[in-house]
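J.: I'd like to ask you about the structure that follows.
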Amino acid sequence: MAAPTLPGPEAAAGAAAPAPKRRPSGAARRRSLLPHLVLWVGVLAALFPFYWSVVMATNTTRDIFSTPPKLVPGTHLLENISNVFARIDFFGALANTAVVAVVTTALVLTLDSLAAFAFAKFEFPGRRVLFGLLLLLFMLPAQLSLIPQFLIMRELGWIGQLQALVVPALANAFGVFWMRQYMSTSVPDEVLDASRLDGCGFFRQWWHVAVPTARPGLAFLAIYTFVASWNDYVWPLIVLVNPQVQTLQTSLAQLNVSFGTDYSMVMAGALMAIIPIMVAFLFLSRWFVADGTAGAVK
Amino acid sequence: MTLTAPSGAAGPGAAAASAGRGRKNRLIRPARTGGSQQRLGPVYLAITPFFALFGVFVLVPVVFSIWLSFQKYSVLGGIGGSEFVGLRNFEFLVQDATFRRAIVNSLLIWVLGTFPMLAMALVVAAMINSVTKLKSFYRLAYFLPNVTSIVAVTLFFGALFSEQFGLINQALAGLGLSGVPWLTDPWAMKVVVATLITWQWCGYNAILYLAGMQAIPGEVYEAAALDGAGPVRQFWSVTLPLLRPVILFTTVISTITTLQTFTEPQVLFGSNTAVNPNSGGPGQGALTMVLYFYQQAFNNNDYGYGAAIAMGVFAVVLVFVVINFRLARTGDDR
Amino acid sequence: MSLSRRSFLLTAGLLGAAGSSVLTACGSGGATGAGDGDGKDLAFWYWSGAISDTVVKDVAAAQTGITITPSIIGGDFKQKLTTTLSAGQSVPDITGVKGEDMPSFLTQSEAFLDLNDLGAKDIASSFSAAKYAAATTKDGKQIGLPIDLGPTATYYREDSFAAAGLPTDPTAAGEAVATWDGWFDAAKKVKAATGAASVRNTTDIFAVALAQQPSTFVTEDGAWGGESDAVKKSWDLAVQAHTDGVSGAVFDGTGYNQALAAGTIVGHVGPAWFGLDIASGAPDTSGKWRVTQCPDGPANIGGSFLTLTTACRNPQASFEYIKTLLSADNAAKSFTDASVFPATLAAYDLPALTAGQDFYGGQATIEVFGPAAQALPTVYDDANNAAIAAPYYTELSNVEGGKDATTAWNDAVSAAKQIAQRAGVQ
């Protein structure tokens, strides 16, 4: 991928900074081959299921289950895909999932960074109590509130509707913790002080100073939230009772349960469901491989 | 990933700190220097939307859940139709052989799915840290399993481990070994679930470790090298001790998440034939605590008992998280 | 797509979210969820294989003045239906109910319409009496019309029986397996001759034997029956399938299909609808299978119902729709398309059912299932039976994994007792 260009005060962590190398450069070159060997075994293990799912999705179920099995991609992909389309509303589910993930992410970034900025840089009455409460409830497992959340959704009339997925997801304390931690160290107080002297209020400081400086932290929170929303399964399984309104995950699971005998078709569906998130990840990944050494690999 | 990010100070330890050390290590500078008091109205305004949602969807549900666990809740009757039953749900819970089985299953999946995974992640991180080429490629490749949906991945693994014609058993047969009934033997089922967890989370944890390793200043290694420590010694005596906060953080997070495993067994073994009312696979070998909770709450519609199970799950998770911290502290004393 | 997404997007847009660019992608409206008030758009839920998809669509298309939107619900149908009923939102107008779930929905009969008000009484006699009665509440409310039955029978492969020296003709084979002892003898001979199992796993035997009992885990007066002779006898028969080595000990769907295809399982004891599982799991074995009577006489397993919920926006039209779906002609089509064995008696005389079937080597299976359907015993199925039965099934699979049968029985009973107690059974 492209060499990352990072805004913000990144110099600190960059290994490419003229900090001295850990190991004396005289170390034997031979020894440096071993890690690559080990790492490639791991890479193969990590990527093999993807390859195998492509093999399954492009062959027929019968090919896969023959002895010896087919180990190379076949020519039945379109047939398997059209079988998926015949059984579930794939694009409807895709659109639902995308809308929920995008809206959730946008709102989480906004709300959490606002709250986090307040906690990171401002002293106000109740700050400690509120943050302690956040910490305490963060420790509680999610399913503790599953039943009441369902009953609340019932009262709101949101059962079977997409806002039932978005709104509870906004109340995730993780983002506030993360952004508070990030902003308290990366947003320089001097700049804030200066901007206040210029007459900037809280929201302008947030928008003009905190948000630009904390962009890498926000990028992480964005992908974390997006992936979590995209892949959420338990909650949609419970609240999305309307068969016309499903997400990719619940549709996929239905494909498996109702038509589980056609593995090739199920795999084609699974593959199609992960491609968008993979593309999104690869697209955003430049934020994550962001350190100096990344530049070494073109 | 994240954590390699720019401001070195917000490194991997930072996430750990937010869970554990919190305010202790970092003084927050009130942004009111020079005596001019910042107006607090906008500050409260900024935290209000989050806390409003947090109150409605986290605080209220937790309190409500505690109330529910003392009720026999009538699904159609609603709150008015429910009946206070005291500790009866909890009495049932402690006698419930199925819940005990679910606890044991969850613990076994935790042991099988956490410790080998974290050890492998450390090795991977050390390896990536030691190379200069392909660094970002490795990061991406190892991280990729983590962004794929659990449902899709579970479907892949279900096909891989399928009993007679799955690739794993075919490979075993090719080696002249007999196949393993991966999806019906209670032990093999747990191994499959643990393998899935390992595959999906190993790279994620490796990247957290890597970030931690990169935050260790080079001078420390130089000093160790001057003392005559080779790379292996350096790993044991420098890297590992300095990584302790990150290791503790990943162990706690992995403990919390694996003890609450749900999707893998639900997709692999959730629904059975019409005749067999079991879930969690044959012999309920992969019935986890959260899967049992789900069954009781949303299949049997026993909300009161479901709430009691949720509290039970919380208690079990809490015990093991505390054990994690205790172990970490014992290490400190040495 | 759905209204929900659109209205949701409006809300989201008001919140100033960044999702607006996706708006255009979602404008192709069409299907309607529950909630419209004009009584013209009706939602119909069923699961794959409940009834012929073609019949559902064709009959829906023939309706005038209403639009029926059928949805195939995957996953746990009962869970979806209870959730939506308890939420009171997205409730379908018309829905299928599985036979094993009916006892529990009978206790929530206020969520369903009484079909007697819509004319069910007039057509009651056209259905199997035992099955029709299974959807009647204690106070005489009729909440469902039966789609199908699951009269039990013995499935066997002609070539396996021949190899074992058993009679291959269904009538003669039926005499050999007329009792459980006879069935076990035959299965052991098949095992000795071919090495193959005669049933998928022990729980299949358990289910059939239980279905033959007048009452099982909970008696009609609400008493605990988990240790009764009826349950113990069924358990012992199931364990015998393990000790005699005639159970395939297969518990997963893929493994079962593979075992059928490989010929390591060559028989079954189970309901009529199970034939579809065999035929779709191992199409290559077509022509080799036969059906004959069930050991110790037929019982019923499964078989579903069509119901109308109280949320139904057009009861009369909906009732006409389900009535048409279950007419003898359509029931026969469902049998042809989806192996749904009709609860509508007049269908038994139609060519679709009387014809010989290729999968069974030209045998007219109605000659076995027809008389079985008429001879079904009346049984009491308590709403708590399904939950209480679970530990027994779990322990049976443990027995096949090597657990001692007596220990397994004791564990099953104590776990079941606890569940019964929680449900209020004394």
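What follows is calculated from the coordinates using simple rules that are stated; it is not laboratory data. Keep in mind that what you see is a predicted model, and the values were worked out from it rather than measured. Positions of Cβ are backbone-derived with ideal geometry, glycine not excepted, and every protein chain shown enters the neighbour counts.
J.: When only Cα pairs under 8 Å and 6 or more residues apart are kept, what is the percent relative contact order across chain C?
T.: Computed value for chain C: 22 percent relative contact order.
J.: While we're looking at this one, here's another question. Lys and Arg at +1, Asp and Glu at -1: add these up for the other residues within a Cβ distance under 13 Å of C:ALA332 and post the number.
T.: After counting each charged neighbour, the total is -3.
J.: Restrict the search to the stretch C:73-171; then list the trypsin sites (Lys or Arg not before Pro) that DSSP places in a loop and that have at most 15 other Cβ atoms within 10 Å of their Cβ.
T.: C:LYS138
J.: Report, as an integer, the average count of C-beta atoms from other chains found within 10 Å of each Cβ along A:200-212.
T.: 2
J.: Step through the residues of the stretch C:301-317 one at a time and calculate ³J(HN,Hα) from phi using the Karplus curve (6.51 cos²θ - 1.76 cosθ + 1.60, θ = phi - 60°), rounding each to whole Hz and writing x for Gly and Pro.
T.: So the Karplus estimates, Gly and Pro as x, are 10, x, x, 10, 9, 10, 10, 10, 7, 5, 7, 4, 8, 8, x, 5, 5 Hz.
J.: Other chains near C:417-424: what is the mean number of their Cβ atoms within 10 Å of each residue's Cβ?
T.: Shielding by partners across C:417-424 averages 4.
J.: Also, I was wondering about something else. For a protection proxy built on the mean count of beta-carbon atoms within 10 angstrom, sort C:59-72, A:199-212 highest first, please.
T.: Ranking, from highest mean packing down: A:199-212, C:59-72.
J.: First check a/c for the stretch B:89-333, with a ≥ b ≥ c the square roots of the eigenvalues of its C-alpha gyration tensor; if it is under 1.5, answer rounded, and if not, answer prolate when a/b is larger than b/c or oblate otherwise.
T.: Here the stretch B:89-333 falls in the oblate category.
J.: So what's the gap between the Cα centers of the stretch A:228-251 and the stretch C:373-426, to the nearest angstrom?
T.: Cα centroid to Cα centroid, the span is 33 Å.
J.: While we're here: Quick one: which residues, 5+ away or cross-chain, put their amide H under 5 Å from the amide H of B:SER82? H built at 1.01 Å from N.
T.: B:SER74
J.: May I ask which of C:LYS189/C:LYS232; C:LYS98/C:LYS188; A:LYS70/C:LYS191; C:LYS189/C:LYS417; C:LYS78/C:LYS131; A:LYS121/B:LYS135 have a Cα-Cα span longer than 30 Å here?
T.: C:LYS98/C:LYS188; A:LYS70/C:LYS191; C:LYS189/C:LYS417; A:LYS121/B:LYS135
J.: To the nearest whole number, what is the average tally of beta carbon atoms from other chains within 10 Å of the beta carbons of peptide A:177-189?
T.: Neighbouring Cβ atoms belonging to other protein chains average 5 per residue here.
J.: What ranking of A:GLU155, C:GLU400, C:GLU395 emerges when the number of other C-beta atoms within 10 Å of each C-beta is taken as an exposure proxy, fewest first?
T.: So the ranking, lowest neighbour count to highest, is A:GLU155, C:GLU400, C:GLU395.
J.: Which of the listed residues, B:PRO181, B:TYR138, C:ALA328, is farthest toward the dipole's positive end in the protein assembly as shown, when Lys, Arg count +1 and Asp, Glu count -1 at the beta-carbon?
T.: Of the candidates, B:TYR138 comes out farthest on the positive side.
J.: Where does helix C:3-14 land angle-wise versus the long Cα axis of chain C, in degrees 0 to 90, nearest 10?
T.: Helix C:3-14 and the main axis of chain C meet at about 50 degrees.
J.: Can you tell me, using C-alpha contacts under 8 Å and at least 6 residues apart, the relative contact order of the stretch B:89-333 as a whole percent?
T.: With pairs under 8 Å counted, the relative contact order is 28 percent.
J.: Give me A:MET56, A:MET183 ranked fewest to most by other Cβ atoms within 10 Å of their Cβ, as a rough exposure proxy.
T.: Placing the least packed residue first, the sequence is A:MET183, A:MET56.
J.: For C:VAL269, which sequence-distant residues (separation of 5 or more, or a different chain) have an amide H within less than 5 Å of its own amide H, given hydrogens modelled in the peptide plane?
T.: Those lying under 5 Å, H to H, from C:VAL269 are C:TYR155, C:ARG200.
J.: Amide H neighbours of C:LEU42 under 5 Å, counting only residues 5+ apart in sequence or on other chains, H built in-plane at 1.01 Å?
T.: C:THR67, C:ILE68, C:THR69
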